[in-house]
Amino acid sequence: MKIALTYAAIILLAGFDGLLLVKNAKADKQAIETKSQLDEDRSDNNTLLFDVSELTKYDSLTYKSDDYQLDGDLELKGLDGKSVRLKSLLKSGPKLIFRYSEINCNVCYQKVLDELSALIKKIGPQNILIITSYYNQRELYNFMRVNNISQNVFNIGTASLGLPIEKYDVPFLFMADQSLKTKVLFVPYKRNPGLTKQYFLSVKERYFSES
């Protein structure tokens, strides 16, 4: 009888220990999941703070770079290797200009080029200028060929347009005409591509509604 009671006690203790182990395991798992969620939330908050900071910085630079006088004598090299001055490209009316460098975030400028390809079909390639900075002209040619863009693409190499926004190495868009003044400058934001679409729609309606 005593032996049976002893076995029963051992079984009960083992069962109790098992329950404790399961409970502790669940608690540990919950703690890990909670920590993971907190880390994720903290990461999201840090990203949000970074995003707000970046947007504020670019927004400030946008105002400083808007209504800026461009150098009409700046020389640009086309895909065919021929040089042309900026003022000659802007004498025929307003142009939407996309400015980027090969050292910019490639995802950022690729997204803009994808949207720009669709816009070209709506307003015509003659109304858009792409001004880039490539060390190797051949690489620029090959890149544009892959993107099916062959007109109004120009390289200024290590030169710049002289805009304050350029020092931050981010792609941007703006309007300009024969006055050589920058207008409605816009910095595309990769986390919100919808803003770029809205910008293109606004530019189309304001400057190219008859295209």
At R0 = 25 Å, FRET efficiency that the Cβ-Cβ distance of residue 151 and residue 67 yields, to 0.05: 0.35
Write out the GluC sites (Glu not before Pro) in segment 59-152 meeting two conditions: DSSP loop, and at most 16 other Cβ atoms within 10 Å of their Cβ. 102
Taking 116-126, 171-181, 149-159 and ranking on average Cβ neighbours within 10 Å, highest first, one gets 171-181, 149-159, 116-126
Computed FRET efficiency, Cβ-Cβ of residue 204 and residue 167, R0 25 Å: what is it to the nearest 0.05? 0.25
Could you work out the local net charge near residue 151, counting Lys and Arg as +1, Asp and Glu as -1, over the other residues with Cβ closer than 14 Å to its Cβ? +3
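Would you mind calculating the gained length between residue 92 and residue 117 on full extension (0.36 nm times residue separation, minus the Cα-Cα distance), in nm to one decimal?
Full-extension gain reported as 6.9 nm.
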Whole-percent tail of the Cα-Cα distance distribution for segment 69-207, cut at 23 Å, equals 27
Env charge @ residue 117, Cβ radius under 15 Å, K,R +1 / D,E -1, value +4
Label 7 Å along Cα→Cβ of residue 105; segment 137-177 residues with amide nitrogen under 13 Å? 169-172
Starting from 0.36 nm per residue, how many nanometres of slack lie between residue 82 and residue 138 once their C-alpha separation is accounted for? 18.8 nm
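A short reminder: the numbers here are calculations on the coordinates, not readings from a lab. Just so we're clear, the structure is a prediction, and the values are computed from it rather than from any experiment. Quick reminder, even Gly has a Cβ in these numbers, built from the backbone with ideal geometry, and neighbours come from all protein chains shown.
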